[in-house]
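Working notes, beginning with the structure itself.
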Amino acid sequence: MPVTRITDATAPRAAQSNAKTRRAATQTRQLPLAQTSLIGTFLTPSGSSAYLKLPRGELRRVRTGDMVDGARITAIGDGRLTLTRGTESRAMHMAGH
């Protein structure tokens, strides 16, 4: 019985589907690449945490009280995070919130 390689026949179609999905899932200019961005927040009974994308592309999980870019995280809420440096506070919001 001959063996048919299915992957060869479907590879171009799979590549097209992946490219189409990637285009549909990507929103341009929604996440500034050269600065720290809020990716997500997690609110649980044991405490809140958030994920930040740092300017060099790394992801970092943070909690209230952690330091980021010389500022302290003073609050984490639904889709938002507050950073305080000295007497100045700055709110970060997730894209779309």
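The values are calculated or read from the model by the stated rules, or taken from the named source; none is laboratory data. Owing to the predicted nature of the structure, the values given are computational and were not obtained by experimental measurement. Cβ atoms come from the backbone with ideal geometry, glycine included; neighbour counts cover every protein chain shown.
Looking across the stretch 81-96, just one residue is assigned to a loop (DSSP other than H, G, I, E, B), at negative phi and over 13 Å from the mean Cα position of the chain (by Cα), and that is 87.
No other residue among 70, 57, 47 is small (Gly, Ala, Ser), under 21 Å from residue 86 (Cβ atoms) and modelled with pLDDT of 60 or more apart from 70.
When you check residue 71 against the structure, is it among the aliphatic types (A, V, I, L, M), loosely packed, with under 13 Cβ neighbours inside 10 Å and closer than 16 Å to residue 37 by Cβ, yes or no? No; evaluated as a whole, the condition is false for this residue. In the stretch 64-80, the residues that are assigned to a strand (DSSP E or B) form Cβ pairs under 6 Å with partners that are of a type in the set (D, E, K, R) and at pLDDT 95 or above, at six or more places apart or across chains, as follows: 73/66.
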